[in-house]
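The values are calculated or read from the model by the stated rules, or taken from the named source; none is laboratory data. These figures come from a predicted structure and were not determined experimentally. Using ideal geometry, Cβ is built from the backbone for each residue, glycine included, and neighbour counts are taken over all protein chains shown. Protein only, heavy atoms only, side chains kept; ligands, DNA and RNA dropped before computing areas. Shrake-Rupley method; radii C 1.70, N 1.55, O 1.52, S 1.80 Å.
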Amino acid sequence: MQNPVTVEVTRGNIVESRHRGLGIVLDGDGKSLFSFGDPDAGVFPRSACKAMQALPLVESGAADAYGFGDKELAIACASHSGEDAHVALAASMLERVGRDASALECGSHWSSDQRTLIHQARTLEKPNALHNNCSGKHSGFVCTCAHLGYEVEGYVDYDHPLQADIRATMESLTGATLGHDNCGIDGCSIPSYAIPLRGLAHGFAKMVTGQGLEPLRAKASRRLMEACMAVPFYVAGTNRACTKLMQVAPGKIFAKTGAEGVFIAALPEQGVAMAVKCEDGTTRAAESMIFALIARYFDKDGDTHAQLMAMANHSLKNWNGIEVGKVRVTDALFS
């Protein structure tokens, strides 16, 4: 099955680039409400599934034991920009269990925010693991290990008990079987599993509705999503798509991006969740697709719908501020 062209990029009046994609919207029962392309294709969720990976932090009691509030829970689900507030918060989580950046096994990189990057280049010899976009998630992992009595060293390994807990959690939510055969290594060194896009969306539909979940998991899921929606800066950062999406309609949109063109969203009031994948891995296309899909569930005459569609279909400008083209979604997302 060939996935449809879902996003076009123009230069002048000519289509310069085309992106193919797949996506699906589901309710908590797993009923498909809308889809395009092949939603049963296996994809690596990458960072889009971080809220699932953060569930053991809450379910184990670690979050309460260390006094974590919305900010800590949000950054545990984050792919942050490495801005100063992100770095400080991740460090404070580690301090509560007597650890520091040396405990993190995610690697290090410079901030993805240009202004912060310039500041870091002027003031730091090199970044450390706290600057990694996954440092909040990994700090949550370290705290979970400390609370459960797991050995912290090697927590990223496939056979570590924490990764076994995460694997079981994701299997329960997505309905997929996860193992060595569909496992790869993520950018932050933890196992990443290829699962059907349908299963990914259904997992988040369960999380946002609580349907089919035991009370502990339903409560933990709601708590994580509400934390992210309350302080979306800590999920991403300045001018990031996830942050802007959750600020468009506070408390009404949970959203999380993943590398290689994956994006998920969940809408608490509508009781639905959705997942998209840009076939060629381009983030700009995944963003436009998810913006347009979310807009379907808001009043077409309302401000929220208008803002979302303006984000989905936006102009491209050159360095002189001259409009040179547009990024626009196609009818494949509206048929």
How many of the residues in segment 63-102 are more than 20 Å from Tyr155 (Cβ to Cβ), touching an Asp or Glu at 6+ places or on another chain (Cβ under 8 Å) and not in a loop (DSSP other than H, G, I, E, B)?
-> 1
Could you list, in sequence order, all residues of segment 204-228 that are farther than 13 Å from Ala273 by Cα and either outside any helix (DSSP H, G or I) or touching a Pro at 6+ places or on another chain (Cβ under 7 Å) (or both)?
-> Gly212, Leu213, Glu214
Of the listed residues (Phe334, Phe233, Phe291, Phe254), the one being under 28 Å from Arg18 (Cβ atoms), modelled with pLDDT of 95 or more and either among the aromatic types (Phe, Trp, Tyr) or crowded, with 19+ Cβ neighbours inside 10 Å (or both) is Phe291
Could you figure out which of (1) assigned to a loop (DSSP other than H, G, I, E, B); (2) open to solvent by less than 90 Å² (accessible area, probe 1.4 Å); (3) more than 20 Å from Ala255 (Cα to Cα); (4) not aliphatic (A, V, I, L, M) isn't true of Ser315?
-> (1)
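Table: residues versus (1) crowded, with 24+ Cβ neighbours inside 10 Å; (2) within 14 Å of the chain's Cα centre (by Cα); (3) within 30 Å of Arg18 (Cβ to Cβ).
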| site | (1), (2), (3) |
| --- | --- |
| Gly184 | no, no, yes |
| Ser192 | no, yes, yes |
| Gln211 | no, no, no |
| Arg222 | no, no, no |
| Arg240 | no, yes, yes |
| Phe263 | yes, yes, yes |
| Pro268 | no, no, no |
Tabulated pairs, segment 1-24, first free of Cβ contacts under 8 Å to residues at least 40 places away in the same chain, second surrounded by 14 or more Cβ atoms within 10 Å (Cβ to Cβ) and not in a loop (DSSP other than H, G, I, E, B), C-beta under 6 angstrom, 6+ apart or interchain = Val15/Glu8; Ser17/Val9; Arg18/Val5; Arg18/Glu8
Conditions (1) open to solvent by 10 Å² or more (accessible area, probe 1.4 Å); (2) not in a strand (DSSP E or B); number of the one not met by Lys277 | (2)
Going through segment 35-79 one residue at a time, which ones are closer than 15 Å to Ile166 by Cα and of a type in the set (Lys, Arg)?
-> Arg46, Lys50
From (1) in contact with a Pro (Cβ under 9 Å, 6 or more places away or on another chain); (2) under 30 Å from Gln307 (Cβ atoms), pick out the condition that doesn't hold for Glu151.
-> (2)
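For segment 1-45, how many residues meet the condition of being small (Gly, Ala, Ser), surrounded by fewer than 21 Cβ atoms within 10 Å (Cβ to Cβ) and either at negative phi or touching a strand residue (DSSP E or B) at 6+ places or on another chain (Cβ under 6 Å) (or both)?
Step one: of segment 1-45, the residues small (Gly, Ala, Ser) are 12, 17, 21, 23, 28, 30, 32, 35, 37, 41-42.
If we keep only those that are surrounded by fewer than 21 Cβ atoms within 10 Å (Cβ to Cβ) as well, we get 12, 17, 28, 30, 32, 35, 41-42.
Filter once more, so that each one left must be either at negative phi or touching a strand residue (DSSP E or B) at 6+ places or on another chain (Cβ under 6 Å) (or both): 17, 28, 32, 35, 41-42.
Number satisfying all stated conditions: 6.
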